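Here is the structure we will look at.
The values are calculated or read from the model by the stated rules, or taken from the named source; none is laboratory data. Quantities reported herein were computed from a predicted structural model and do not represent experimental measurements. Counting neighbours? That spans all protein chains shown, and the Cβs are built from the backbone with ideal geometry, glycine included.
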């Protein structure tokens, strides 16, 4: 606990001394701050009886954030470092791809739910039938709650653990046109499983090839960023860096100006950073 508190102070000190706006543009810095805040929040919740389990959940999520932060170690590797850039770019590609995929999921899911189910007032089951089940169909997980077994669903939708049964006619047979649902399912699988997923694979291949062709430049830029980061770090590790914190604040508040040596080094780093960023834009 004491180590995490000192680590948080070190991150706060770094963000204050070296321009907080620029500090939060880096993903690793955001993960550092987020992991520290989640740990403090989870620790406070764990100290109270009513919120003990909530604190446990927050700490479990914080552990995931800490593990993701460990990926920054691989940036020093010439082989694995560029792969981190590939993963980040693929995540951005997939984020924008999800907008295109969501159109087909919502279109099929809402139409299917409206045809099969009539006047279901339970919001959780409506969302599950209109969004969640069409999404699982992409991975081959077809819903099994609607079949010939009448016990698998609730006729009036009163059972909270079962979905509502489809609309039935006077002969207790499904009133909806089965051929229409089959056609909708085939068209949905054709466009989503074949067209859109292959489009996503093609986007990933393009991103991988684009970064792989410039592996050496990317690795050098990552190495430069790592050297610059450790130059700004205190000489001692937490919790001994409390003395460095006071030293930095003394230089910031009392002297008002940075040392000349630091100014020259920062200026040189800024020039190199601009040149490397121009190279990144060029390719």
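Farther than 30 Å from residue 72 by Cα, surrounded by 16 or more Cβ atoms within 10 Å (Cβ to Cβ) and either at pLDDT 85 or above or not assigned by TED's automatic domain parsing to the domain that holds residue 222 (or both) - does that describe any residue in segment 83-92? Lay out the reasoning, then the answer.
Kept after step one, since they are farther than 30 Å from residue 72 by Cα, are these residues of segment 83-92: none.
No, there is no match, as no residue in segment 83-92 is farther than 30 Å from residue 72 by Cα, surrounded by 16 or more Cβ atoms within 10 Å (Cβ to Cβ) and either at pLDDT 85 or above or not assigned by TED's automatic domain parsing to the domain that holds residue 222 (or both).
For segment 154-164, give me each residue that is part of a loop (DSSP other than H, G, I, E, B) and without any contact (Cβ under 8 Å) to a residue 40 or more places away in the chain. Passing the criteria: 155, 156, 157, 158, 159, 160, 161, 162.
The condition of being over 21 Å from the mean Cα position of the chain (by Cα), touching a residue at least 60 places away in the same chain (Cβ under 8 Å) and either loosely packed, with under 15 Cβ neighbours inside 10 Å or not assigned by TED's automatic domain parsing to the domain that holds residue 230 (or both) holds for only one of 116, 101, 27, 123, that being 116. Take the conditions (1) within 30 Å of residue 219 (Cβ to Cβ); (2) assigned by TED's automatic domain parsing to the domain that holds residue 164; (3) modelled with pLDDT of 90 or more; residue 96 misses just one of them, which is (3). Looking at segment 141-185, which of its residues are at pLDDT below 70 and within 15 Å of residue 129 (Cα to Cα)? Matches in segment 141-185: 143, 144, 145, 146, 147, 152, 157.
Residue count for segment 65-121, restricted to those that are outside any helix (DSSP H, G or I) and touching a helix residue (DSSP H, G or I) at 6+ places or on another chain (Cβ under 9 Å): 6.
Contact annotation: residue pairs with Cβ atoms under 6 Å, 6 or more positions apart or on different chains, pairing a residue in segment 200-224 that is under 16 Å from residue 78 (Cα atoms) with a partner that is not in a helix (DSSP H, G or I), are 214/283; 219/78.
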